[in-house]
Amino acid sequence: MLAVALTAWGAQAQFEVASIKPGDPSLGGYSMRSFPGRLELRNYTVKACIEMAYSVNDNQLAGGPKGFDTEGYDIIAKLPEGGKGEQIPQMLQALLADRFHLTFHRETRSLAAYLLMPAKGGPKMPQATETISTSWGARRIRGKGIGMAALADMLTKLLEHPVFDETGLEGRYDVTLDFAPVQASPTPTNEDLGLPFFRRFKSNSA
């Protein structure tokens, strides 16, 4: 059922050409860079690609073949002439269906989650001046030219709970965030960002 839907997306938006090679496991993380007409994913697992393509979080995925969440790939893809950045998720869906033969089904679960909230006085992060790029590891997030939705996605991966953007902030920012992973209770974010805390609540996730 969903495999047919993937084929339909691919007919509408596909990368012109894409190179897929094994990534470097010694990196200990993965990164994304987006240029006009070009996308570079470094050491991305199939699981990470699914999350990016379908706007889902780590704890919204279950199952998967051996290695799909541990084996990284370097993916360099060229957008077709006239292709737009907002079409990249659709193009990545088509790539997953064609090259990785992705199929899946949906179900609903109740999950604990967090809200990313604004601080009094507004954000302290500088407005972005560079090309979009992101990288993160066990205790650090670094982003150039990222929006708050993208920051929430990265925090979700590291905190292992959904994080929703409730900042109301538009535009893109340069962000460097060092933190200790959450264990039993919510933990403040870096005060230097002007985004000081999370609030735990329950959310239904498909």
remark   = The aspartates and glutamates whose Cα lies under 17 Å from the Cα of LYS120, excluding any fewer than 8 residues away in the same chain, are ASP165, GLU166, GLU170, GLU191, ASP192
inquiry  = For a Förster distance of 25 Å, can you work out the FRET efficiency between the beta-carbons of ARG38 and THR129, rounded to the nearest 0.05?
reply    = 0.80
ask   = Can you sort PHE104, PHE35 by how many other beta carbons sit within 10 Å, fewest first?
value = PHE35, PHE104
key: Residue-wise HN-Hα coupling along the stretch 96-113, computed from phi with Karplus coefficients 6.51, -1.76, 1.60 (Hz; x: Gly, Pro)   = 4, 5, 7, 9, 10, 6, 6, 9, 6, 9, 10, 8, 10, 9, 9, 10, 6, 8
task = Would you mind working out the magnitude of the charge dipole of the stretch 2-99 relative to its Cα centre, with +1 at each Lys and Arg C-beta and -1 at each Asp and Glu C-beta, to the nearest 20 Debye?
result = 100 debye
key: Cα-based Kirkwood hydrodynamic radius, the stretch 16-89, one decimal, Å   = 13.0 Å
key: When each of LYS47/LYS124; LYS84/LYS144; LYS78/LYS144 is checked by Cα-Cα distance, pairs over 26 Å   = LYS47/LYS124
inquiry  = If R₀ is 41 angstrom, what is the calculated FRET efficiency for the pair HIS101 and ARG140, using the beta carbon separation as r and rounding to 0.05?
reply    = 0.75
request  = Provide the net charge surrounding ASP58, with neighbours chosen by a C-beta distance below 15 Å and charges set as Lys +1, Arg +1, Asp -1, Glu -1.
outcome  = -1
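Each reported figure results from applying straightforward, stated rules to the coordinates on display, with no laboratory input. Just so we're clear, the structure is a prediction, and the values are computed from it rather than from any experiment. All Cβ positions, even for glycine, are placed from backbone atoms using ideal geometry, and neighbour counts span all protein chains on display.
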